[in-house]
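Chemist: Sharing a structure, written as structure tokens. Questions coming.
Read the figures in this text as sums done on the coordinates, not as results from a lab. What you see is a predicted model, and the numbers here were worked out from it, not measured in a lab. Neighbour counts are summed over all protein chains in view; Cβ atoms, including those assigned to glycine, are modelled from backbone coordinates with ideal geometry.
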Amino acid sequence: MTTICCISDSHLGYRHRMKKQRLLDYENSFQGAISRAMELNPSLIIFGGDLVHHPRPEPKSLRTLIKNLIGIAEKIPVIICIGNHEIEGHLGTAYTPIFSDLHENIHVLSTDNPHITLDIGEKRVGVHGFQYLRSRRLAEEKLLEVSRFEPNDYDILCLHQGIERYLNPFELSLRALREVAGKFNLILSGHVHKHQEIKELMDITPAYYIGSTERISFNEAGNSTGFIALREFSRVEFIPVRSARMESVKENLGMMKPEEVNRAIEEIIRERRGRIECLQIRIDVKVDGDYFDLRHDWSQEQGFKILDVNVLPSAGEEFRSLERINISKDLIEDYFEKSGMHDRNDLREVCKGLYERYAGGFKR
């Protein structure tokens, strides 16, 4: 069986919320995708962009990437599209084209090298595309340009762009894509991390956002992670990949006393400890009592790589009246005690110093 695997948006080297522990998550999910793809005995692997999160990647993550690329290229061809996270500065420079010098089986799509043709099984396969372009005008001009080629047995368009209705702002309109879609047997794009059909093109040719191997924000908590496998040039299958378990919880608690809010958050955390690695909690509540009695520091809670807790009190009349509270040294002390920052003496002294300089010492 002929299989082509398409992997995108691994974002190696990203420190999500500045957490070093998350570096390993991106490496593990990337290597998990590679391992799973190689189990399918593919004839080609295409990378849809944003292999790394920064134009100059963190060294350990770059080593992981290079080691895997060379390992794959020793067995089968590799094609890489250049994503926006791999491009630096207004000149659009990137390290990614250098990857083609690592091995003769590694090919990089760019405006200078937009067509790669390979023999896959018994078919002549063309993979066409270019690096991420920020300008809609340039992206649509280049799309039209790369769509002018002599057809092969099977032709794939591989991009890393925002498409109209799937991202705003976008670089490619549906009009421009529909104009050229008939030239291709399959259209693939990175950049949007949710695997999905590009429905507005499906009546012309199969078209998909590939998806990502690891989530980079809590906005993606509901997304499945994985990659695409094209089977026998006819069937597209999404292959799930293990990634850090992530959940975003949003609740409206109505009116509660501060201690009740604290207990409600503790229960949410308790229920998810051990089965969720990255947890975001957003609470809307009308606080029946002193806002400063809410627990603000949850950093000592163990068992999570990321635990993000945010309480948003409803803006009732009593909350608006905070504008009329007189600030004093005692209030500053009270805040640091009740917010869980009692050991931040350095910051406490800075705040008190600012109060004395700009408030306490002010005389009419």
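Chemist: Which length gain, in nm to one decimal place, applies between Arg178 and Gln302 when the Cα-Cα distance is subtracted from 0.36 nm times their residue separation?
Modeler: 39.6 nm
Chemist: With each label point set 7 Å from Cα along the Cα-Cβ vector, what nm distance links Met255 and Asp203?
Modeler: Placing both labels 7 Å along Cα→Cβ, they lie 5.5 nm apart.
Chemist: Tell me, what is the FRET efficiency for Leu167 and Arg137 to the nearest 0.05, using R0 = 22 angstrom and their Cβ-Cβ distance as r? Before the final figure, lay out the partial values.
Modeler: On the way: r = 17 Å, r/R0 = 0.77.
The formula returns an efficiency of 0.80 here.
Chemist: For the range 205-275 and the range 99-124, what is the separation of their C-alpha centers, rounded to whole Å?
Modeler: Here the two parts' Cα centres lie 34 Å apart.
Chemist: Of the peptides 268-274, 21-27, how do they stack up when ordered by the mean number of other Cβ atoms within 10 Å, highest first?
Modeler: Highest mean packing first, the order is 21-27, 268-274.
Chemist: If neighbour count is taken as other Cβ atoms inside 10 Å, put Thr3, Thr213 in order from fewest to most.
Modeler: Thr3, Thr213
Chemist: Let me ask something else. Could you please report the charge total around His128, scoring K, R as +1 and D, E as -1 over all other residues with beta-carbon less than 9 angstrom from its beta-carbon?
Modeler: For residues surrounding His128, the net value is 0.
Chemist: I would also like to ask the following. Just list whichever of Lys67/Lys305; Lys75/Lys194; Lys250/Lys286; Lys75/Lys142; Lys19/Lys194 have alpha carbons separated by over 25 Å in the model shown.
Modeler: Pairs exceeding the cut-off: Lys67/Lys305; Lys75/Lys194; Lys75/Lys142.
Chemist: Here is a further query. Work out, step by step, the length gained on full extension between Arg357 and Ser314: first 0.36 nm times the residue separation, then minus their alpha carbon distance; give nm to one decimal.
Modeler: Values: separation 43, 0.36 × 43 = 15.48 nm, distance 3.25 nm.
The Arg357-Ser314 span can extend by a further 12.2 nm.
Chemist: Sticking with this structure for a sec: Taking the mean number of other Cβ atoms within 10 Å as a proxy for protection, how do you rank 345-354, 70-79 from highest to lowest?
Modeler: 70-79, 345-354
Chemist: Under a straight-distance cross-link criterion of Cα-Cα below 20 Å, which aspartates and glutamates are reachable from Lys257, leaving out those fewer than 8 residues away in the same chain?
Modeler: Glu266, Glu267, Asp284, Asp288, Asp290, Asp293, Asp297, Glu317, Glu318, Asp334, Glu337
Chemist: To the nearest 0.05, how large is the calculated FRET efficiency for Glu150 and Met1 if R₀ is 30 Å and r is the Cβ-Cβ distance?
Modeler: Numbers: r = 28 Å, r/R0 = 0.92.
Computed FRET efficiency for Glu150 and Met1: 0.60.
Chemist: In nm, what is the difference between 0.36 nm times the number of residues separating Ser328 and Leu347 and their Cα-Cα distance?
Modeler: Details: separation 19, 0.36 × 19 = 6.84 nm, distance 1.58 nm.
Contour length minus Cα-Cα distance gives 5.3 nm.
Chemist: What ranking do 232-240, 198-206 get when scored by the average of other Cβ atoms within 10 Å per residue, highest first?
Modeler: Packing proxy ranking, top to bottom: 198-206, 232-240.
Chemist: With the Cα gyration tensor of the chain giving a ≥ b ≥ c as the square roots of its eigenvalues, does the rule (a/c under 1.5 for rounded; else a/b larger than b/c for prolate; else oblate) give rounded, prolate or oblate?
Modeler: prolate
Chemist: Further question on the same structure: Using just the helices of the chain, give the 222 nm mean residue ellipticity in deg cm²/dmol: DSSP H runs with n ≥ 4 each add -39,500 (n - 2.57), and the total is spread over all residues, rounded to 500. Provide the component values of the computation, followed by the final result.
Modeler: Details: 8 runs with 92 residues, N = 364.
Using -39500 (n - 2.57) per qualifying helix, the result is -8000 deg cm²/dmol.
Chemist: Normalised by the number of residues in the chain, what is the relative contact order in percent for Cα pairs under 8 Å and 6+ residues apart?
Modeler: 14
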